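This report refers to the structure that appears directly beneath it.
Here, each number is a calculation from the coordinates, and none is a lab measurement. Bear in mind the structure is a predicted one, so any value in this text is a computation, not a measurement. Neighbour counts are summed over all protein chains in view; Cβ atoms, including those assigned to glycine, are modelled from backbone coordinates with ideal geometry.
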Amino acid sequence: MMHTETSDNHAWRESKSALASAFAFISAVLVVTPLGLVFLHLLIHGASSVNWNFFTKLPAPVGAVGGGMANAIVGSLELLALAGAVGIPVGVLGGVYLAEYGSARINSVLRFLADVLNGVPSITWGVVVYGLVVLRFKGFSAYAGGLALGLMMIPLILRTTEEVVLLVPNGYREAALALGVSRWKTIVHIVMKTASKGIITGILLALARVGGETAPLLFTAFGNRFWNHNLAEPIAALPLQVFTYAISPYDDWHRQAWAGALVLVTGIFCVNVLVRLLTRGRGAPVA
Amino acid sequence: MTPPEQSVVERLQERTPPPAEPQVAVSHAFEIRNLSVWYGDKRAIDNVSMDIAANAVTAIIGPSGCGKSTFLRALNRMHELVPKTRMEGKVLLRGEDLYAPTVNPAIVRRRVGMVFQKSNPFPTMSIAENVVIGLRLNGVRSQKFLNERLEKSLRMAALWEEVKDDLDKPGTSLSGGQQQRLCIARALAVEPEVLLMDEPCSALDPIATARIEELIHELKSRYTIVTVTHNMQQAGRISDYTAFFYMGRLIEFGPTTKIFSNPSEPQTEDYITGRFG
């Protein structure tokens, strides 16, 4: 008890505490402010152009009224599906390997490499796939774009999967193995099932992350002003379309770019909300 | 029904009745010869030999770190899950060497079930799913067979009356004592020959403990039970044979009545009377 403390000292401590709280609060506000500002800015500039046409029409030539980004929205979804086909199985199985198998030394090397990959600038993935796929098959394609995004997803999913699988209490593994269940079945049916919410969260966050990427698509998917239903051809993507419109000199294209960015941010926001809802559910031992 | 399914069912049914054929004097489930187990360089079990009687309860007692749990886990090869373990000696179950190079540890564990200190029903599964998951993952598909085994196992674990209307509720919604009986039902569902119990009551209140003890008593007519316990009174109440371990060695092993009333080794007496441990 501090009744004997001088009131001076006490006041000084109080003010130090208040100061620290204030700084923490200001920092928190500084973190959240840009998000609010970005969203507000996008709403002001883009909201007027987000209409039915935007979701249903192809891009219009300069000067023509109307026009939208339907092909880019569908193209982005197609690219994400291709990316998922590459990134999800490799990332999830790799993460399970790190958590369940392998020797400590090899795993620490793999973990380090995955972290390095996570830090690789996204344009590098575009260049790599340009060299490996685009040059070899002599053309930009949805496949190349999907591969570039998929490669980016692998280390993201791998690390989150590893973390949530490691969180599954060992008692469940032992209980299954003690029933005479094989190691592999234990991992798939018990461990991965228990960690499934966490794994799905990791996948969704990785999809949201690469869904907004432009750089890896510049020389892989390339972009397309028209509908494209052939995955071996160049394909449009929302961030790519925003990029192209934003650096153009035309006002109506600028408005379209704002609208595209607004739709993109809203989509990513929705995925994050979905993740929140998923991980909040009852009986989530691993979140 | 396809042939492979049938064969699993048959295999499980074949070993259902414990052998009634007369064997020499007391029939032994396990014969353990010169068993030693190491974790890395640390020797956890030191040259233990003993015979464990079939259809009886054998209690393993001893102070913390004496190798009780390791010994128990060596009986169904669960200790192998820890990296860098090594064993020497022989463990025979009904004459079969559990460590023969051709023996798959998963098959050993199907024959020698285990219940753990902390009840661990699978959190993503209902009560019913928890009980039959072992059969499911071992390839049984017939829903009729699974339903029969579900009721039978829950009845044997003395849980059926309490949960029969809530089979679809999560296993983790049960009370602690019920969860532990659910885990016993889950272990019984694959019809093992032996049930290993690693301090099954240490996390339970006295009433739940009494129910489990009662259950152990009922189960011994059908199963060989080996249980680790910290609780001297419990060992006295439930077991037919008691083995006292100290620092990885088997100090004394014999009928529980003798160990508790007239131990031959001074260390055993000291431990039982609470002078150390």
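List of remarks:
- Three-way shape label, segment A:1-116, alpha-carbon gyration tensor, a/c 1.5: oblate
- Within a Gaussian network of chain B (alpha carbon springs, distance under 10 Å), most fluctuating of B:Ala208, B:Ala235, B:Ala189: B:Ala208
- Shielding value for B:104-111 is 3, the average number of Cβ atoms from other chains within 10 Å of each residue's Cβ.
- Cut-off 10 Å between beta-carbons: net charge of the residues surrounding B:Tyr271, Lys and Arg +1, Asp and Glu -1: -3
- Rounded to the nearest 500, the 222 nm mean residue ellipticity of chain A from helices alone is -23000 deg cm²/dmol, with -39,500 (n - 2.57) taken per DSSP H run of at least 4 residues.
- Considering only alpha-carbon pairs that sit under 8 angstrom and 6 or more positions apart, the relative contact order computed for segment B:116-201 is 51 percent.
- Hypothetical label at A:Arg255: residues of segment A:32-46 whose amide nitrogen lies under 13 Å (7 Å Cα-Cβ projection): A:45-46
- Viscosity 1.567 mPa s, 4 °C: Kirkwood-radius Stokes-Einstein D of segment B:42-272 over Cα pairs, µm²/s: 71 µm²/s
- For segment A:191-199, 3J(HN,Hα) computed residue by residue from phi via the Karplus equation (6.51, -1.76, 1.60; θ = phi - 60°) reads 5, 5, 5, 5, 8, 4, 4, x, 5 Hz, glycine and proline entered as x.
- Note on chain A: GNM, Cα springs under 10 Å; of A:Ser49, A:Ser108, A:Ser122, the largest mean-square fluctuation is that of A:Ser108.
- Order of B:Tyr223, B:Tyr99, A:Tyr172 - criterion: other Cβ atoms within 10 Å of each residue's Cβ, fewest first: B:Tyr99, A:Tyr172, B:Tyr223
- Signed unit charges on C-beta, dipole axis of chain A, positive-most listed residue A:Ser15, A:Leu262, A:Val120: A:Val120
- Legend: ranking of residues A:Tyr143, A:Tyr97 from fewest to most surrounding C-beta atoms inside 10 Å; resulting order A:Tyr97, A:Tyr143.
- Pairwise FRET efficiency - B:Lys90 versus B:Arg222, Cβ, R0 = 22 Å, nearest 0.05: 0.25
- Pairwise Cα distances in the protein assembly as shown exceed 33 Å in 58 percent of cases.
- Computed label-point distance, nm, for sites A:Ala60 and B:His230 using a 7 Å Cα→Cβ extension: 7.7 nm
- Chain A, relative contact order in percent, only Cα pairs under 8 angstrom and at least six apart counted: 25 percent
- If both residues of a DSSP beta bridge must be in chain B, then about 60% of such bridges are antiparallel.
- Distance from the alpha carbon centroid of segment A:210-235 to that of segment A:86-150 works out to 19 angstrom.
- Spin-label pair B:Ile107-A:Ile268: with each label point 7 Å from Cα along the Cα-Cβ axis, the two points sit 5.6 nm from one another.
- Extension gain for A:Leu132-A:Asn170 works out to 9.5 nm (0.36 nm per residue, less the C-alpha to C-alpha distance).
- Separation of the alpha carbons by more than 26 angstrom is noted, of A:Lys185/B:Lys164; A:Lys57/A:Lys197; A:Lys193/B:Lys118; B:Lys68/B:Lys118, for A:Lys185/B:Lys164; A:Lys57/A:Lys197.
- More than 23 angstrom apart: percent of Cα pairs within segment A:70-250: 47 percent
- Residue order, fewest to most surrounding Cβ atoms within 10 angstrom, among B:Met232, B:Met125, A:Met69: B:Met232, B:Met125, A:Met69
- Most simply put, the protein assembly as shown has about 60% antiparallel DSSP beta bridges, counting only bridges with both residues inside it.
- Computed over chain B, relative contact order equals 26 percent, with contacts defined as Cα pairs under 8 Å that lie 6+ residues apart.
- Rounded if a/c under 1.5, otherwise prolate or oblate - segment B:20-133, Cα gyration tensor axes: oblate
- Take the Cβ atoms of A:Glu233 and A:Arg209, set R0 to 25 Å, and the FRET efficiency comes out at 0.45.
- Using the Cβ-Cβ distance between A:Ala104 and B:Glu214 with R0 set to 60 Å, the FRET efficiency works out to roughly 0.85.
- Whether segment B:184-277 is rounded, prolate or oblate, judged on the alpha carbon gyration tensor where a/c under 1.5 counts as rounded: prolate
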